[in-house]
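Participant: Sharing a structure, written as C-alpha cells. Questions coming.
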Amino acid sequence: MFGNPYAEKFALEATYEDTATVTRQRGQKGADGLARPVSVEVYNGIICALSKGGNSSRQTDAQLSIDYDMKLFVSPDIEIEPGDTISVARFGRIQTSNNFV
C-alpha cells in the first residue's frame, strides 16, 4: 500500500468520520450596479476529520479572550482559503467556524 498515493489517501479518508461544507464570499453585482458580498457554497459533503486542540481562553474583569485551536484534515485536492466559512457535521451536530485556516 505504501508508495501508492491513491491507496494511502483512500486509507486515511476511511478513518474520517466528519463531513464539511465550505462557503466563500464572492462579489455579485446587483441591479443598481454595486457589488455586494454573497456566500457561495464551494464544497459540500467533504469527508474530513476535525481535531480539537488546546483551549487557552481566559477571562479578566474587563474582557473575555477566546483562543481555541482546531485542525481540519481534508484531502489535499480541497483548496480552503483564508476567510472561508466551514461547517462540520459530526455525529449529527454541526460546528461552524471562520478560522480553521
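Participant: Could you please state how large a percent of the accessible area of the chain is carbon and sulfur, counting protein chains only and using a 1.4 Å probe?
Facilitator: That fraction is 52 percent.
Participant: Now, a different point. Please get the size of the charge dipole for the chain, origin at its Cα centre, with Cβ charges of +1 on Lys and Arg and -1 on Asp and Glu, quoted in debye to the nearest 20.
Facilitator: Charge dipole, the chain, about its Cα centre: 220 debye, nearest 20.
Participant: Starting from one equal scatterer on each C-alpha and no solvent at all, send me the Debye-based log10 I(q)/I(0) for the stretch 1-45 at q = 0.22, 0.31 Å⁻¹, two decimals.
Facilitator: Debye output, listed in q order: -0.80, -0.99.
Participant: Under the Karplus relation 6.51 cos²θ - 1.76 cosθ + 1.60, θ = phi - 60°, what is the ordered set of whole-Hz ³J(HN,Hα) values for the stretch 68-82, x standing for Gly and Pro?
Facilitator: 10, 9, 9, 10, 10, 9, 9, 4, x, 6, 7, 9, 9, 9, x
Participant: If you take the Cα atoms of the chain, find Rg, then find the Kirkwood Rh from the mean of 1/r over all pairs, what is Rg/Rh?
Facilitator: For the chain, the value is 1.10.
Participant: What is the extension gain from Ala31 to Thr96, computed as 0.36 nm multiplied by their sequence separation minus the C-alpha to C-alpha distance, in nm to one decimal?
Facilitator: Residue separation times 0.36 nm, minus the Cα-Cα distance, leaves 20.3 nm.
The values are calculated or read from the model by the stated rules, or taken from the named source; none is laboratory data. All of these numbers come straight from a predicted model, not from anything done at the bench. Note that we place each Cβ from the backbone using ideal geometry, even for glycine, and neighbour counts take in every protein chain shown. Keep in mind that these areas ignore ligands, DNA and RNA; they rest on the heavy atoms of the full protein, side chains included. Shrake-Rupley method; radii C 1.70, N 1.55, O 1.52, S 1.80 Å.
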